[in-house]
1. So, VAL196, is that one surrounded by 13 or more Cβ atoms within 10 Å (Cβ to Cβ), free of Cβ contacts under 8 Å to residues at least 12 places away in the same chain, assigned to a loop (DSSP other than H, G, I, E, B) and of a type outside the set (Ser, Thr, Tyr) or not?
2. Any residue that is of a type in the set (S, T, N, Q) and at pLDDT below 90 - is there at least one of those in the stretch 30-40?
3. For the stretch 71-95, name all the residues that are among the β-branched types (Val, Ile, Thr) and either outside the structural domain of GLU195 (by TED's automatic domain parsing) or under 17 Å from ARG115 (Cα atoms) (or both).
4. Please specify each residue of the stretch 147-180 satisfying the condition of being farther than 22 Å from GLU66 by Cα and touching a Lys or Arg at 6+ places or on another chain (Cβ under 8 Å).
5. Quickly run through the stretch 98-118 and pick out the residues that are surrounded by 15 or more Cβ atoms within 10 Å (Cβ to Cβ) and either of a type in the set (Ser, Thr, Tyr) or more than 19 Å from the chain's Cα centre (by Cα) (or both).
6. Does ALA116 satisfy the condition of being out of contact with any helix residue (DSSP H, G or I) (no Cβ under 7 Å at 6 or more places or on another chain), farther than 21 Å from CYS208 by Cα and touching a residue at least 60 places away in the same chain (Cβ under 8 Å)?
Amino acid sequence: MLVGSAATMSPARARSAISACLRSALSHAVREELVTRNVAQFVTLPSVRKKKRKAWTTDEVRIFLESARSARDAMFAAYVLAVVLGLRKGEILGLTWADLDLDGGELTVGRQLQRASGELLHRETKTEASDDTLPLPDVVITALRHRQEAQRADRAKAGRAWQDTVGLVFTTKTGLPIEPRNFNRSWDNRCDRAEVRKITIHDARRSCATLLVDLDVHPRVIMRILRHAQFSVTMEIYSQASSAATKAALHKLGDSLGG
């Protein structure tokens, strides 16, 4: 059971779980007088450095989105939501037209689409902190209007084959929800076609944050946009400004010191 569950954990958590299991087993062996002492009791696991997550530069974001727009990629608006608003994958796929006010320029995040226990579930987001109403930049509104037109065309072409679900924004050609794994494939394929560094959809959310940092947006505002539950999460990103921003800051410091 441990091996199966450990396989789904991060390396650090898996090692911790295995170590705890060994300590427990050896403690039981000591009580049963099978061994004289628990040799695992005093073992200290080495700390594991967190792997830095990837993030795109402004140019990479621009190239990626232009590639999707030019190719009339069906998921173009989804990509825009990921890198411009930092929406999570489940939030993007769970978005409905009722959540949008394109004329008023607002989007309400409150539901997500996820596959769990073999089922595709459209349900509330995990925490209240994830729920919010966000203003929509013009680039997002334009992309969503194009998506609306494309879906209407799909509906008309499908005719009776159209599956009228809950009004999801992103659907297949017959109105069915988009499978999360298929969205991953579309994203990876677009990265290849755009010839940009391959990052995950979640890394696109981080890219949104780092781009906001480069624009000198206050961390409290970034926290609101990304709907982080803890300010420390925002500050971890904020403290990792891009190399270009770091270079500019060091040049500014050098100039102030007469260098």
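The values are calculated or read from the model by the stated rules, or taken from the named source; none is laboratory data. These numbers were taken from a predicted model, which means no experiment stands behind them. Heads up, the Cβs are rebuilt from the backbone with ideal geometry, glycines too, and the neighbour counts pull from every protein chain shown.
1. no
2. Scanning the stretch 30-40, I find at least one residue that is of a type in the set (S, T, N, Q) and at pLDDT below 90, so the answer is yes.
3. ILE92
4. Hits for the stretch 147-180 are ASP154, LYS157, ALA158, TRP162, LYS173, GLY175, GLU179, PRO180.
5. Scanning the stretch 98-118 gives ASP99, LEU100, LEU102, THR108.
6. Details: out of contact with any helix residue (DSSP H, G or I) (no Cβ under 7 Å at 6 or more places or on another chain): yes; farther than 21 Å from CYS208 by Cα: yes; touching a residue at least 60 places away in the same chain (Cβ under 8 Å): no.
Here the answer is no, as ALA116 does not meet what is asked.
Yes/no per residue for (1) under 22 Å from ILE63 (Cβ atoms); (2) under 19 Å from the mean Cα position of the chain (by Cα):
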{"site": "ARG155", "(1), (2)": "no, no"}
{"site": "ALA158", "(1), (2)": "no, no"}
{"site": "VAL169", "(1), (2)": "no, yes"}
{"site": "ARG193", "(1), (2)": "yes, no"}
{"site": "ASP203", "(1), (2)": "yes, yes"}
